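Every number in this text was worked out from the coordinates using simple rules, so none of it is lab data. If you're wondering where the values come from, they're calculated on a predicted model, not measured in any experiment. Don't worry about glycine lacking a Cβ; one is built from the backbone with ideal geometry, like all the others, and counts go over all protein chains shown.
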Amino acid sequence: MDKIVITGGRRLNGDVVLSGSKNSALPIMAAALLAEDTTVISNVPNLRDIQTMIKLLRALGAKASFEDGRVVIKPGKELNPVAPYKLVSTMRASVCVLGPLLARTGHAQVSMPGGCVIGARPIDLHLKGFEALGARIKVEHGYVVARAQKFLRGSEMYLGGAFGSSVLATGNVMMAAVLARGKTIIESAACEPEVVDLANFLKKMGAKISGEGSPRIEIEGVKKLHGIEYAIVSDRIECGTYMFAAAMTGGDVMIKQALPSNQNAVIDKLLQSGVRIDKGKNFLRIRGRARLKPTDVTTLPYPGFPTDMQAQMMALMAITPGISVITEKIYPDRFMHVSELNRMGAKIYLESPRAIIHGVKRLSGAPVMASDLRASAALVLAGLVAEGKTEVYRVYHLDRGYFNMEGKLSSLGAVIKRERE
Ligand code: EPU
């Protein structure tokens, strides 16, 4: 297994280029199943989750390959509707093949995703949406078995849950509805840029969708979709992570391929922290200050502050003088990074779903354990500013969502390398 070793204390300077969005690419790869002919998706990040999705598409009978940031998918006429436990258990996003399989074959059998380290992650909203489209759903032997009677039928539905909207449920139901008969209206749809990217992809394939990016999406079913070429948008969470790296180290970093209009909540919080930000159509320049100011953050569905930036925000608050507060409204237990940050000298008190952060002057490097993807990123950020050496173990979490993070950070001047344990 690999570990990341960081010697803290360097200011980051220079340019960094973002990769394509993992959370856009995964459902879009699943959506390619909706056509029989070939789809080519570019700007796909080379990550472990992408490789898992390739394996899953192959298990479903599609031809799929990945080379140089391009995924080529040829689903063909016949699909196997069973998504096996072995693959689904390694990546929850596998659940987004349910919608396309159901739409294409009228039948989908997908291993029920289990528990997750960031908290309970039910799929009731996905299933509610499929039922509204006329599918019959059963859970048998650990699998969700969904069957359309003859075909799916468009309908009006409300997809709001206890914590608001769901990104993958919205995407999944949208993918099923594009080939349903008649009109579907999704109320309380997720508004995240990844949902918009998926809708753009589906529209290019021939789907009729409007309202994406708002809480009400309308879909007019069509008979057939066709394969296309499509480029994935850049990764807003990777972007936010480099924004924080620059801010925390007091650096001056130009982030290229950024989409500032997707980052308003993060930009707002960094401005409140005293960070200087210049933005253009597709870049962000971040200039950190020696002294940051404390803030309060509540994670919310888009356009609110993203839960996927919460751990990184906490790393920044950990070295910000004064008291800051984070309230986690999406995954109330997503705080596995707190104890590891405290091992590095942070002073964070947890009263879930709230964390109270007393900023310290400096963190001290330590061996720490990554528990999930974004927690790993927070530990790397903490390592960049900690005194001495930080070793981040279980880096496979980081590799699920950040392409070449150590390479990108070292090109900005960080002292960071990957080593075999
Ligand atoms: N929820 C339900 N029922 C459902 C689905 C979700 O109650 O059927 C609840 C969840 O428990 C949670 C909230 O809705 O409280 C949001 O969950 P959501 O369904 O939106 O999460 P997701 O779509 O499964 C995606 C990202 C996550 C990101 C969340 C929230 C992908 C592949 N994953 O997950 O990304 O945290 O949206 O923005 O797109 C990550 O990249 O590190 C990551 C975990």
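Determine the shape class of the range 233-320: with a ≥ b ≥ c the square roots of the Cα gyration tensor eigenvalues, call it rounded for a/c under 1.5, and otherwise prolate if a/b is greater than b/c, oblate otherwise. Judged from the Cα gyration tensor, the range 233-320 comes out oblate (a/c at least 1.5, b/c at or above a/b).
Other residues with beta-carbon under 13 Å from the beta-carbon of Pro332 carry, at +1 per Lys or Arg and -1 per Asp or Glu, a net charge of +1. The distance separating the Cα centre of the range 320-364 from that of the range 35-84 comes to 39 Å. Stretched out straight at 0.36 nm per residue, the stretch from Lys329 to Arg181 would grow longer than its current Cα-Cα span by 49.7 nm. Estimated at 0.36 nm per residue, the fully extended path between Ala231 and Lys279 surpasses their Cα-Cα distance by 15.0 nm. Given their separation in residues at 0.36 nm each and the Cα-Cα distance between them, Arg343 and Asp124 gain 75.1 nm when the chain is fully extended. Note: relative contact order over the range 35-87, using C-alpha pairs below 8 Å and six or more positions apart, is 43 percent.
Each residue, Gln51 and Thr298, gets one label point 7 Å from its Cα in the Cβ direction; the gap between the two is 4.1 nm. So what's the angle, to the nearest 10 degrees on a 0 to 90 scale, between helix 193-204 and the longest Cα principal axis of the chain? With rounding to tens, the tilt is 30 degrees. Find out how many positive minus negative residues lie around Ile185, taking Lys and Arg as positive, Asp and Glu as negative, among other residues whose Cβ is under 12 Å from that of Ile185. Around Ile185, the charge tally is -2.
Distance between the modelled labels on Ser411 and Asp2, one decimal in nanometres: 1.5 nm (7 Å Cα→Cβ projection). Specify whether the C-alpha gyration tensor of the range 264-421 places it in the rounded, prolate or oblate class, a ≥ b ≥ c being the square roots of the eigenvalues: rounded for a/c under 1.5, otherwise prolate if a/b is larger than b/c and oblate if not. Rounded, since a/c falls under 1.5. Taking a ≥ b ≥ c as the square roots of the eigenvalues of the alpha-carbon gyration tensor, the range 108-210 is classed oblate because a/c is 1.5 or more while a/b is no larger than b/c.
Among beta bridges from DSSP that stay inside the range 224-324, the antiparallel ones total about 90%. Local charge for Met91 was computed over the other residues whose Cβ lies under 13 Å away, with Lys and Arg +1 and Asp and Glu -1, and equals +4. Near the amide H of Ala180, within less than 5 Å, lie the amide hydrogens of Val222, all on another chain or at least 5 residues away, with H placed in the peptide plane. With the largest listed first and rounded to whole Å, the semi-axes of the equivalent ellipsoid of the chain from the Cα gyration tensor are 38, 21, 20. Taking 7 Å steps out from each Cα toward its Cβ at Gln149 and Ser65 produces label points 4.4 nm apart. From its DSSP helices (H runs of at least four residues, each -39,500 (n - 2.57)), the chain gives a residue-normalised ellipticity at 222 nm of -8500 deg cm²/dmol. Phi angles of the range 373-388 translate, via the Karplus equation with coefficients 6.51, -1.76, 1.60 and θ = phi - 60°, into HN-Hα couplings of 4, 6, 4, 4, 4, 5, 5, 5, 4, 4, x, 5, 10, 6, 6, x Hz per residue; Gly and Pro are given as x. Out of all DSSP beta bridges with both ends in the chain, state the antiparallel percent to the nearest 5. Expressed as a percentage, antiparallel bridges in the chain total about 70.
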